[in-house]
């Protein structure tokens, strides 16, 4: 990458829109599901099962997708593939189900505290979406980012949750991009051939893009992002451009930018301002 990245003007940005819209249509098809962790939401018919399976699939979406899928499958098997029933009825005596589980830095104790907090959220707010909805209302009242409020409220259920477990949920107030958390909300809020639209507490227009390495690299190459760090400030900068392209559904361009990153045959060099290295 050059030292200073070129950025598209609004005119050039609008000229890029048809190309990105075309890539979205190519990538965002049912065929996408079987190779992505979102498949675990599609594995269920019950909305609560979908939301809970999706939450674990999203927070564990770290590393190679085939390994992530195998590990999420392992975890859901330990819940008898009934996450709603398992979590709702969970007691400390059930924690042995997680013995030996490991994925990257996830250990059994991390899953234990996540399950305990989710159980408390469901008990108090009648559903996981109910808890998200209350966090959303608070974020609006306080002028804070939703994910920061969610992080705070989630761990307030059990303040004794160790720091090592807390770090598995991102906090934008610490300049984290909250990539996995916003991927989860994309799955739950958007409704398409891939995303399920299982939650209604916020509009798709307010979603942020999950800033993974493919998305960030393509955004810089296309002149959509000038910052070189994959942090929260970069998410906000990129969203300014994506909302110009589609103010009602800016997060759909996750499919275009991710798709360009993993499918080089879709790349059209004439749209690239900055050289990829």
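Nothing in this text is a laboratory measurement; each read-out follows from the coordinates by a stated rule. Just so you know, these numbers come straight off a predicted model, no measurement behind them. Note that we place each Cβ from the backbone using ideal geometry, even for glycine, and neighbour counts take in every protein chain shown.
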**Report entry** Length released on extending from residue 244 to residue 227, taking residue separation times 0.36 nm less the Cα-Cα span
**Finding:** 4.3 nm
Report summary line: Protection proxy (average C-beta count within 10 Å per residue), highest first, orders 110-122, 142-154, 175-187, 92-104 as 175-187, 110-122, 142-154, 92-104
Requested in this report: Sketch the reach of a paramagnetic label on residue 205 as a point 7 Å from Cα along Cα-to-Cβ, and name the residues of segment 216-254 whose backbone nitrogen lies under 11 Å away.
Outcome: 247-250
Report task. Once you have a ≥ b ≥ c as the square roots of the Cα gyration tensor eigenvalues for segment 54-197, tell me rounded if a/c is under 1.5, and otherwise prolate or oblate according to whether a/b is larger than b/c. Result -> rounded
**Report entry** Segment residue 82-residue 166, extension gain: residue separation times 0.36 nm, minus the distance between their alpha carbons
**Finding:** 27.8 nm
**Report entry** Extended-chain gain in nm, criterion 0.36 nm per residue less alpha-carbon gap, residue 70 and residue 265
**Finding:** 67.4 nm
Query raised in the report: Based on DSSP H runs of at least 4 residues, each adding -39500 (n - 2.57), what is the mean residue ellipticity at 222 nm of the chain after dividing by all its residues, to the nearest 500 deg cm²/dmol?
Result: -16000 deg cm²/dmol
Report task. Give the residues of segment 246-277 whose amide nitrogen is closer than 18 Å to a point set 7 Å from the Cα of residue 15 in the direction of its Cβ. Result -> 268-275
Query - Average Cα contact separation per residue, segment 48-169, under 8 Å, 6 or more apart, as relative contact order % - result: 22 percent
Query raised in the report: If you rank 248, 198 by fewest surrounding Cβ atoms within 10 Å, what's the result?
Result: 248, 198
Query raised in the report: Where does each of 132-141, 202-211 land if you order them by average Cβ count within 10 Å, highest first?
Result: 202-211, 132-141
Report summary line: Classified through the alpha carbon gyration tensor (a ≥ b ≥ c as square roots of its eigenvalues; rounded if a/c is under 1.5, else prolate when a/b is larger than b/c, else oblate), segment 1-128 comes out prolate
**Report entry** segment 37-96 shape via C-alpha gyration tensor axes, a/c threshold 1.5
**Finding:** oblate
Query raised in the report: Just how far, in whole angstrom, is segment 218-277 from segment 131-158 if you go by their alpha carbon centroids?
Result: 28 Å
**Report entry** Rough spin-label spacing in nm, given labels placed 7 Å along Cα→Cβ, for residue 92 and residue 3
**Finding:** 6.0 nm
Query raised in the report: Expressed as a rounded percentage, what relative contact order does segment 10-271 have, with Cα pairs under 8 Å and six or more residues apart?
Result: 20 percent
